[in-house]
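Q: Structure below; questions to follow.
What follows is calculated from the coordinates using simple rules that are stated; it is not laboratory data. Bear in mind the structure is a predicted one, so any value in this text is a computation, not a measurement. Ideal geometry is used to build each Cβ from the backbone, glycine not excepted, and the neighbour counts take in all protein chains shown.
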Ligand code: NAP
Ligand code: ZN
Ligand code: ZN
């Protein structure tokens, strides 16, 4: 299927209009007209090859919301017109222990990322997948999610990555009432971490480097703000947290954050998909604390998260853009200048690429 999108062809090039082929639908496939796609910081790390694994041309985008335009004969759960989403995964082996448990993100044989993943299904001239900065996508129904119709589709798009990446560790580590929970870094992921931790009943502290974001704390669901650059405040908050969710997008010294935890509690790293610059053993050993990591979420839990958002009326705080402004949006995201997620309105794509 002829598809139009935006791609970059080197770490230093801008994203530009790009024509490519999607596979024609197989019996298990759902074809989706993409309405909106969020801009995740991972799109930027990947477009600029900051993790060293990008293949070009590269079409980013894994926070996809759209309407089903066609379905294959064997598709049972979706029909044309349904509001659906696609997140970071479009395929996995489906038979390893992780896949059987619905934890496809930890597939022992390697999941297929929505972009830049090895395309094991094929049917296109390219060996790897292209993401959601495009007008349509073909996806196996197992990897398609249902978006509650009461949610604004643009503001729901970032739930597909920022939402599930923060919801999953909060659930796994059983965050709830009576706990003091800190969310570190108020970007796309962090602002959803604050909303979810609040909805789960925790006492939430927004831990930020940006004093001006404190003004939004209450609106987002935070009970307190802790400025991580204020050494006196950080000192006073030591040994007081039951859980920390760390979304800082680059390697950093984790010691000042680990010191915030009580005995026997955990900080989960979701942001730094690279080396941490400093991790001292003392904060772990002396208070039996843990440092852990977490990757997005599997398909069943992503659907659970979307349904939770439908019930609690939770969406993302977004700034909608036309696709020709995507390069400016990348620079602004890197500067932390977005409240709190850019979402591309894909209706702007057609005339641009024509
Ligand atoms: P984002 O929107 O850019 O937000 C990151 C926030 O971190 C910034 O707004 C800023 O918040 C804070 N920050 C930035 N640089 C910092 C620094 N040097 N030191 C301290 N704080 C800093 O990014 P995002 O889309 O939320 O993504 C966050 C990270 O998670 C990215 O690296 C992304 O690749 C990764 N990610 C991981 C997964 C996963 O499955 N584990 C999934 C999606 C994304 P303040 O202004 O509040 O300090
Ligand atoms: Zn993402
Ligand atoms: Zn598997």
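Q: Any chance you could give the angle, 0 to 90 degrees and rounded to 10, that helix 188-199 forms with the longest Cα principal axis of the chain?
A: Approximately 70 degrees, to the nearest ten.
Q: Sort 339, 213 so that the residue with the fewest other Cβ atoms within 10 Å of its own Cβ comes first and the one with the most comes last.
A: Numbers: 339 16, 213 22.
Listing 339, 213 from fewest to most nearby Cβ atoms yields 339, 213.
Q: Using Cα-Cα distances under 8 Å and only pairs 6 or more residues apart, what relative contact order does segment 258-354 have, in percent? Don't skip to the end; give the middle numbers.
A: Details: 79 pairs, mean separation 22.2, N = 97.
Worked out over segment 258-354, it gives 23 percent.
Q: If you line up the long axis of helix 162-172 against the longest principal axis of the chain, both from Cα atoms, how many degrees apart are they, to the nearest 10?
A: Result, in degrees: 50.
Q: Quickly rank 184-192, 21-29, 290-298 as a protection proxy: mean count of other C-beta atoms within 10 Å, highest first.
A: With the highest mean Cβ count within 10 Å placed first, the list reads 184-192, 290-298, 21-29.
Q: Also, I was wondering about something else. Counting other beta carbons within 10 Å of each residue's own, what order do 229, 320 fall into, fewest first?
A: The most exposed by this proxy come first: 229, 320.
Q: Something else now. Rounded to the nearest 500, what is the chain's calculated 222 nm mean residue ellipticity when only DSSP H runs of at least 4 contribute -39500 (n - 2.57) each, over all residues?
A: Calculated at 222 nm, the ellipticity per residue is -6000 deg cm²/dmol.
Q: Still on this structure, I have one more. Rounded, prolate or oblate: which fits segment 163-293, taking a ≥ b ≥ c as square roots of the Cα gyration tensor eigenvalues, rounded meaning a/c under 1.5, else prolate when a/b beats b/c? Let's see the in-between values first.
A: Values: a/c = 1.31, a/b = 1.24, b/c = 1.06.
It is rounded, given that a/c, with a ≥ b ≥ c, falls under 1.5.
Q: Could you give me the radius of gyration and the Dmax of the chain, taking only the C-alpha atoms into account and expressing both in angstrom?
A: Both quantities, over Cα of the chain: 19.9, 63 Å.
Q: Just check segment 1-130 against the gyration tensor rule for me: Cα atoms, a ≥ b ≥ c as the square roots of the eigenvalues, rounded for a/c under 1.5, and otherwise prolate or oblate depending on whether a/b exceeds b/c. Each step should come with its number before you reach the end.
A: On the way: a/c = 1.72, a/b = 1.22, b/c = 1.41.
Here segment 1-130 falls in the oblate category.
Q: Just check segment 234-281 against the gyration tensor rule for me: Cα atoms, a ≥ b ≥ c as the square roots of the eigenvalues, rounded for a/c under 1.5, and otherwise prolate or oblate depending on whether a/b exceeds b/c.
A: prolate
Q: If packing is taken as the average number of other Cβ atoms within 10 Å across a peptide's residues, how do 116-126, 198-208, 304-314 rank, most packed first?
A: 198-208, 304-314, 116-126
Q: Out of 150, 327, 246, any idea which swings most in a Gaussian network model of the chain, alpha carbons joined below 10 Å?
A: 150
Q: With the chain treated as a Gaussian network of Cα nodes joined by springs under 10 Å, which of 151, 89, 160 yields the largest mean-square fluctuation?
A: Maximum fluctuation in the GNM of the chain, among the listed residues, is at 151.
Q: Could you work out the relative contact order of the chain? I mean the mean sequence separation of Cα pairs under 8 Å and 6+ apart, divided by the number of residues, in percent.
A: 18 percent.
Q: With everything on Cα atoms, drop me the angle between helix 299-312 and the longest principal axis of the chain, reported from 0 to 90° to the nearest 10.
A: In the chain, helix 299-312 runs at an angle near 70 degrees to the longest axis.
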